[in-house]
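This report refers to the structure that appears directly beneath it.
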Amino acid sequence: MEIVIADNNLQKITELKSLLKDLPFLDVLSLRDFPQDSLPPEATAVAKKLDRWAISDTSGLVIPALLKEGDDQQSFFKGETTTDADRRRELLTAMEMMEGMKRHAYFVCRLTLASPKGVVKEVNATCEGLVTKETRGGAGFGFDALFVKHDYDKTFAELDLTTKNRVSHRRKAFDKLQTALEALDDRS
């Protein structure tokens, strides 16, 4: 059975494919396999347009100390710039004078599983930690090089993919979605 990762981000696709590899009945594709279609990274739109099952991942970093009045606790730090490196520099600048628990942050992951008929299941998970004072590590993407999970001493960008996929927000969300994904085997 085919399932489409509703994303073009190669690093996110790699992480999701790594999580989905234990479901051998799934033939995992991504938006990169459909370059002729202009599709948003959103499971329901992709599933409907391509007439296939789809999974989307909306993830982001929340820094409570940077939330403005009126923001909810799911407001991701997005930055004003366009590249990951620039957004990391922008975040470090915004947090330059913050110490201790003011540097507390958490990643949020929302996974959505959709059939061509609509959303089947949506789950959320978080992973808490701290924002470092400098970029560390060459793996990962986004803010991985600035985030150290509680009880760890390495950033997500310093961890190997196997370790990151065992402890991340994405893994926790995937675990909540596992039963629904396994049920797809009955549909193939």
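Throughout, read-outs are computed from the coordinates displayed, never taken from laboratory work. Since the structure is predicted, the reported quantities are computational estimates derived from the model, not experimental observations. Using ideal geometry, Cβ is built from the backbone for each residue, glycine included, and neighbour counts are taken over all protein chains shown.
Amide H neighbours of Ser30 under 5 Å, at least 5 residues apart or on other chains, H built in the peptide plane: list them.
Ile5
If I histogram all Cα-Cα distances within the range 2-187 using bins 5 Å wide from 0, what percent of pairs lands in each bin?
The calculated distribution, bin by bin, is 1, 8, 16, 20, 19, 15, 11, 7, 3, 1, 0.
What are the residues whose amide H is under 5 Å from the amide H of Tyr152, where those residues sit 5 or more places off or on another chain and H is modelled from the backbone?
Those lying under 5 Å, H to H, from Tyr152: there are none.
With +1 on each Lys and Arg Cβ and -1 on each Asp and Glu Cβ, and nothing else charged, work out how big the dipole of the chain is about its Cα centre, in Debye to the nearest 20.
Once rounded to the nearest 20, the dipole reads 80 debye.
Considering only Met97, Ser115, Ile55, whose Cα is most displaced toward the positive end of the charge dipole of the range 48-126, charges sitting on Cβ of Lys, Arg (+1) and Asp, Glu (-1)?
So the residue we want is Ser115.
Under 22 Å between alpha carbons: how many lysine pairs meet that in the range 1-140, if sequence neighbours fewer than 8 apart on the same chain are excluded?
19
Pop the C-beta distance of Leu10 and Leu67 into the FRET formula with R0 = 45 Å and round what comes out to the nearest 0.05.
Approximately 0.90, to the nearest 0.05.
Once each part is reduced to its C-alpha centroid, what is the distance from the range 153-174 to the range 27-43 in angstrom?
Each part reduced to its Cα centre gives a spacing of 25 Å.
Over the chain, what is the relative contact order in whole percent, taking alpha-carbon pairs under 8 Å and six or more residues apart?
Here the relative contact order equals 20 percent.
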